[in-house]
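Data first, discussion second: the structure below is written as structure tokens.
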Amino acid sequence: MMVVLCATRAAAHPAPFSYLDIAFRGGNIEGSLTVHVIDIAHELSVTPPERVLDPEFLMMERQRILDVITPRISLATDRPLKIEWGTIQPMKEELALRMTYRIPNEHPGALAIDTNLFPYDPIHQTFINIYEDSNLRQQVIFNATTEPHTYYLGTTQGAIAVIKTFVPSGTHHILIGPDHILFLIGLLLLGGSWMALVRIVTAFTIGHSITLSLAALNIFSPPPSIIEPAIALSIVFVGADNLVRGDGRDLRAWVALTFGLVHGFGFANVLREFGLPREALGWSLFSFNLGVEIGQLAVVLAVASLLAAVRRRSDVMGARVAIAGSVVVIAAGTYWFVQRVFFPGGAYSQRRHPT
């Protein structure tokens, strides 16, 4: 690991890297931080940088070094964690310092990590190695623009942390996704028994669960430029089917299953942007999908109950609402299709797929 830290006495910065090891062991968090002497010397205004390797210097300047480093490493659970620093060891051959640390009595389900150790150097990177006991679980690279990263442990607490994060995310996405909601509403406009509605929702769930998993696991994932217009067309199809159906057959469950496959790829695009924890991939997929189902059921119960109430008052009024609603569904789907095909850089596209 330290090969990249090897350096000569050249004036240029030979290795703009630091290394942070984080280990979950025995109910504690512990590890080490390795930094190059040039970075520490710059922060302390010390010349030549090799002075930092002097044990007497380290003894006298220990607190100044920690005052520089500590605020720039953020480790947090549901609260910020306090790092207890141990020894600072000079590594003369590598021109580096190795600092040990410990956070006692902490074994969380998830750990949020953020760091920008040396802001003066825009290309500086911090390589983070995350261990559970002696097993390396994940490696992350931080630079000046890296967003905070959450690591989920492979424990029961870790699974619970994943569920708490991804269930609300899935629910939030379905509730702010007008295209997905309008597709569901289109399927519900003609009414039917609660058993028929359950079949429709179940079919949609099966469809989008399959493709969500395929895309999230990088098995198959069509680009958004294809999926987003296809979702819009699915909405147009549902509205048109409501208007032209004349043989009495209810094919909405099959429509929901077929187009659910398309909508699943749309969910996957959002989930990919959110960031899947590799160490808890199964739980994150399950939890996000569960959140989608919770939001979906909330929409279905509200809309189906409202439509049923209208039909109880008047069958004629119920039929008119279904026709008017289907026209609105077709119009909205057509608008989204034109926008996504001919104006893909519009505000809607940017909101769903930020760069």
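The values are calculated or read from the model by the stated rules, or taken from the named source; none is laboratory data. Small disclaimer: the values here were computed from a predicted structure and weren't measured. Don't worry about glycine lacking a Cβ; one is built from the backbone with ideal geometry, like all the others, and counts go over all protein chains shown. Ligands, DNA and RNA are stripped out before the accessible areas are found, and what is left, the full protein with its side chains, is counted by its heavy atoms. Shrake-Rupley method; radii C 1.70, N 1.55, O 1.52, S 1.80 Å.
Kindly evaluate residue 306 against the criterion of being modelled with pLDDT of 90 or more, surrounded by fewer than 20 Cβ atoms within 10 Å (Cβ to Cβ) and not small (Gly, Ala, Ser). Yes. Considering region 315-351, and only residues there that are modelled with pLDDT of 90 or more and polar (S, T, N, Q), the residue that is surrounded by the fewest Cβ atoms within 10 Å (Cβ to Cβ) turns out to be 334. Within the set 46, 68, the sole residue that is aliphatic (A, V, I, L, M) and either open to solvent by 70 Å² or more (accessible area, probe 1.4 Å) or farther than 14 Å from residue 18 by Cβ (or both) turns out to be 46.
Among residues of region 309-325 that are touching a residue at least 40 places away in the same chain (Cβ under 8 Å) and within 15 Å of residue 192 (Cα to Cα), those with a beta-carbon under 6 Å from a residue that is open to solvent by less than 50 Å² (accessible area, probe 1.4 Å) and part of a helix (DSSP H, G or I) at least six positions away or on a different chain give the pairs 311/318; 318/310; 321/310.
From the list 292, 303, 299, the one residue that fits, being assigned to a helix (DSSP H, G or I) and closer than 16 Å to residue 192 by Cβ, is 303. Screening residue 85 on (1) touching a Phe, Trp or Tyr at 6+ places or on another chain (Cβ under 8 Å); (2) surrounded by 20 or more Cβ atoms within 10 Å (Cβ to Cβ); (3) of a type in the set (Phe, Trp, Tyr) shows it passes everything except condition (2).
Considering region 118-178, the qualifying strands (runs of 3 or more DSSP E), each wholly inside and each with 1 or more residues that are over 16 Å from the mean Cα position of the chain (by Cα), run over 125-132, 135-142.
The set of residues in region 129-151 being within 20 Å of residue 80 (Cβ to Cβ) and surrounded by 11 or more Cβ atoms within 10 Å (Cβ to Cβ) consists of 130, 140, 142, 146, 148, 149, 150, 151.
Annotation note: of 226, 219, the sole residue that is surrounded by fewer than 15 Cβ atoms within 10 Å (Cβ to Cβ), assigned to a loop (DSSP other than H, G, I, E, B) and among the aliphatic types (A, V, I, L, M) is 219. Return yes or no: is residue 126 surrounded by fewer than 16 Cβ atoms within 10 Å (Cβ to Cβ) and among the β-branched types (Val, Ile, Thr)? So residue 126 does not fit the description; no. Scanning region 175-186 for residues that are among the aliphatic types (A, V, I, L, M) and either closer than 20 Å to residue 326 by Cβ or touching a residue at least 24 places away in the same chain (Cβ under 8 Å) (or both) yields 175, 181, 182, 184, 185.
Among the residues of region 192-216, those identified as under 19 Å from residue 292 (Cα atoms) and open to solvent by 50 Å² or more (accessible area, probe 1.4 Å) are 198, 199, 202, 206, 210, 214. When region 55-103 is filtered for residues that are part of a loop (DSSP other than H, G, I, E, B) and either free of Cβ contacts under 8 Å to residues at least 60 places away in the same chain or of a type outside the set (A, V, I, L, M) (or both), the ones remaining, listed by number, are 77, 78, 79, 81, 82, 83, 92, 93, 94.
Can you name the number of the only condition in (1) without any contact (Cβ under 8 Å) to a residue 60 or more places away in the chain; (2) under 30 Å from residue 31 (Cα atoms) that residue 128 fails? Status for residue 128: all satisfied but (1). Please name all residue pairs, on different chains or six or more residues apart, with Cβ atoms under 6 Å, provided the first residue is in region 187-212 and is within 24 Å of residue 224 (Cβ to Cβ) and the second residue is open to solvent by 10 Å² or more (accessible area, probe 1.4 Å) and of a type in the set (S, T, N, Q). Short answer, once both residue conditions are applied: 209/289.
Scanning region 49-65 for residues that are surrounded by fewer than 17 Cβ atoms within 10 Å (Cβ to Cβ) and of a type in the set (A, V, I, L, M, F, W, C) yields a total of 3. Every condition in (1) open to solvent by 30 Å² or more (accessible area, probe 1.4 Å); (2) within 26 Å of residue 35 (Cβ to Cβ) holds for residue 160 except the one numbered (2).
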